[in-house]
Structure formats: C-alpha cells, structure tokens
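The values are calculated or read from the model by the stated rules, or taken from the named source; none is laboratory data. All values reported here derive from a predicted model rather than from experimental measurement. Backbone-built Cβ (ideal geometry, glycine too); neighbour counts: all protein chains shown.
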Amino acid sequence: MFGEYTPLMKTGLMEQRVARGKAVIDPELGLQKWCPDCQEFWPQDTLFWSISNYKPDGLQGTCKACQLGKKREKRNAA
C-alpha cells in the first residue's frame, strides 16, 4: 500500500489524453486514467495500474482489477 507512485510522462502526453477523453484531472484525486475494459477512470498510479516499460505513460493499458479478472477467467476455463 505504500510506495505507490505515478510514473512521469513525456511532454504533452497528459494534454493529449485529456483532450481525447482518455484521462481526466480530478481536483481531489489528481490525474486519472481510463480503463477500456471496465470503462472507468482510476487514479494514474501504481496502486491501480501495473508498471509497463513499453507504454508511454509507464503503466499497463488496463487496470489491475481487470487484469486480475482476466487471469481468473483463464484459470477457471482451463
């Protein structure tokens, strides 16, 4: 629960995502990222998103809850 952080993004990426509706800036929670699977906004930090060295914002494309749900579905299907 401690040690979560928000990876630094490249210049202009935050503005692009806000303009496209893929991110919002909440006065209380700060920057929030859109999860395409659950279709909800979640705070853009490592508590809600897994780290990815290949994504421009440093975080996976889907939230941790959706990733866990997919893993459970695969495990139960086997």
Whether any residue in region 45-55 is of a type in the set (A, V, I, L, M, F, W, C), buried (at least 16 other Cβ atoms within 10 Å of the Cβ), touching a Lys or Arg at 6+ places or on another chain (Cβ under 9 Å) and at pLDDT 95 or above is what I want to check.
yes
Failed item in (1) in contact (Cβ under 8 Å) with a residue 24 or more places away in the chain; (2) within 15 Å of Met9 (Cα to Cα), with Asn53 passing the rest:
(1)
So the check is Cβ under 6 Å with 6+ separation or different chains; which pairs have a first residue in region 1-16 that's under 17 Å from Tyr54 (Cα atoms) and a second one that's charged (D, E, K, R) and surrounded by 10 or more Cβ atoms within 10 Å (Cβ to Cβ)?
Thr6/Asp45; Met9/Asp57
Going by the conditions given, is Gln32 touching a Lys or Arg at 6+ places or on another chain (Cβ under 9 Å), of a type outside the set (Lys, Arg) and surrounded by 12 or more Cβ atoms within 10 Å (Cβ to Cβ)?
no
Considering only region 30-78, how many residues are among the β-branched types (Val, Ile, Thr) and more than 11 Å from the chain's Cα centre (by Cα)?
0
Looking at (1) at pLDDT below 95; (2) small (Gly, Ala, Ser); (3) surrounded by 10 or more Cβ atoms within 10 Å (Cβ to Cβ), find the lone condition where Gly69 falls short.
(1)
From the set of residues in region 1-29 that are exposed (fewer than 12 other Cβ atoms within 10 Å of the Cβ) and of a type in the set (D, E, K, R), which is modelled with the lowest pLDDT?
Lys10
